[in-house]
1. For the list (1) crowded, with 24+ Cβ neighbours inside 10 Å; (2) in a loop (DSSP other than H, G, I, E, B); (3) in contact (Cβ under 8 Å) with a residue 40 or more places away in the chain; (4) within 9 Å of chain B (Cβ to nearest Cβ), I need the number of the one condition that residue A:207 fails.
2. Within the bounds of the stretch A:171-187, is there any residue that is assigned to a helix (DSSP H, G or I), at pLDDT below 95 and more than 7 Å from every other protein chain (Cβ to nearest Cβ)?
3. Criterion first (crowded, with 24+ Cβ neighbours inside 10 Å and not in a loop (DSSP other than H, G, I, E, B)) does residue A:219 satisfy it?
4. Restricting attention to the stretch A:188-199, report how many residues are within 14 Å of chain B (Cβ to nearest Cβ) and farther than 13 Å from residue A:92 by Cα.
5. Any residue at all in the stretch A:291-307 that's in contact with a helix residue (DSSP H, G or I) (Cβ under 8 Å, 6 or more places away or on another chain) and closer than 20 Å to residue A:503 by Cβ?
6. Quick one: residue A:123 ticks every box in (1) in contact with a helix residue (DSSP H, G or I) (Cβ under 7 Å, 6 or more places away or on another chain); (2) surrounded by fewer than 24 Cβ atoms within 10 Å (Cβ to Cβ); (3) in contact (Cβ under 8 Å) with a residue 60 or more places away in the chain except a single one, so which number is it?
7. Grab the helices (runs of 4 or more DSSP H) fully contained in the stretch A:15-79, keeping just those with 1 or more residues being within 20 Å of residue A:475 (Cβ to Cβ) and within 14 Å of the chain's Cα centre (by Cα).
């Protein structure tokens, strides 16, 4: 078995100039994934410093100013520069393949959106060497983020970086939406779209609805900080709460932007590894549309503690509980798909099942935070930190790893090692629970998030130490994953076109696919076109 | 590759026009947020607005912008560069009017930093003005390209620019109503 060099990811050639000027959706997908991975490492390193500082009470590893910058940049990085590019990268790579198209609708615009996203991230990180990183939290509430309380240029880099990155993300969403609406193979009706593509469509529409609100809020913060404006300045009748409304009008849909594509991945993987069609296809698709619709009506549940009116409190509590219903529908769909199936516990399936279990925990703490009295008790405590990490790490990242193990063979032609994959899964699974589970109880005991350190007599020391050990284990799990990627790309088992006995069109072409994606396409008469082609006697009903 | 193209209108089946429609949808959310910010701060700035805005003068310049929606529609229908030039002229008149208003306000000490009204007024109208400017550039590019060799401009480009210009016009209908009419009624 000969080693395959790295440029196998880029069938067109190997020169750096090729990567700079490429407009091929697969190469741009790989670029996005590379960007997401690089920022994931940076955000991970930041979190390790945070955990080291918190491992013992009254520690002085970093000073409070640096600590504020670390948690701010960690949050912004993971959400906007790691998770979103990783998911957009997979969408870029896979959507045209899954709908039988040669490329996205606007290939050159696709390159623009990637480069804008990357430059936005670089601008944000430039702040570290240009007078200080942003330090007002990832949601940068004024007046804390205003000139008087954040005099360093960090928040200005935050504004500029997020605005540029957001423009890239919006353009990318336009591209993916148009691609899915216009470029589908003959016979691939919307009612037959693979569920990952459905989720990307819904996610793209969420981006189009949510990101512009952030852009607008950023412009206003810019006017306040740079032009002496008063939007959020309470001393000149401005309204700090306006920022919170606009930010969370973006911020809550953003949560679904980060989870729906992963739910789509899991909805592809569980049926294939159960050798059954998904249970209740229409419900999985329709519940996502419901989530998208509801997600624009729940934003103020991030603001219960600011003193909303009784009506607002009631409305946003009710809508937040309501959104748990379509989410729960999906959980039942996945479990029902597995029931009675011939389940293969390969690594993608392990991660997919892990995703369901962890997402249930994050979902349950999420819906309990919609109970206003409980929210008021736990606002800005580690209980919230635990919740959001169960959803984002236990949910998004586990589901994302499932997708990596599932589609890596398509992108490279080689399988990832199952043995290392299992090590990766179990170290991640144990590591994330050791890290984030104790945060629930120290949070309920009152440990506030974003505090630089805590007193020894609080009794939080032992659990914080355990959490930091968990973080170290997570770091080890990422090293195992990296080792698996590096080894498998060079010497992994040859995958062939269709290593998992897949259902959808991306498995009908070579691994990696040729520049034009398909030399020929199977006829699409149902939701599982490749299954139908492989099993003409057991076709799905049209 | 285009699915179900026969039954749906071009706005959702043509690649270029669909892209423009999606772009404008996201732009609408952007302006919605800025208008909400203006309205949220309206009462605190109302006295300043009454003292400083000139409804009649701005109304006259607004008519130029509203009329340009008509000229751009004719331009797109006939694919005629002269109507694009007329649209450009009307848009430039509007922008000139806005510039002169800015100058007058700044000279009397009303700017983004002076008080809440200045902040919200210059942000909202300024963002709209920037969109008009982008539209003028698009119109100029279209007019120049249509004068060069035949077939240099794809037919759909006329419609795409026209859609964008209509959008810029529609935003001004809202901004004019909220900022100017809303101040004096």
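The values are calculated or read from the model by the stated rules, or taken from the named source; none is laboratory data. Because the structure is a prediction, the values reported are computed rather than measured. No Cβ is skipped: glycine too gets one built from the backbone with ideal geometry, and neighbour counts run over all protein chains shown.
1. (2)
2. no
3. In short, no.
4. 6
5. We begin by selecting, within the stretch A:291-307, every residue in contact with a helix residue (DSSP H, G or I) (Cβ under 8 Å, 6 or more places away or on another chain); these are A:291-292, A:294-306.
Next, only the ones that are closer than 20 Å to residue A:503 by Cβ stay: none.
No.
6. It fails just one condition, (3).
7. Here the list reads A:25-54, A:64-76.
Results for (1) surrounded by fewer than 19 Cβ atoms within 10 Å (Cβ to Cβ); (2) more than 27 Å from residue A:447 (Cα to Cα), shown as yes or no for each residue.
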position	(1), (2)
A:40	no, no
A:61	yes, no
A:80	no, no
A:87	no, yes
A:91	no, yes
A:95	no, yes
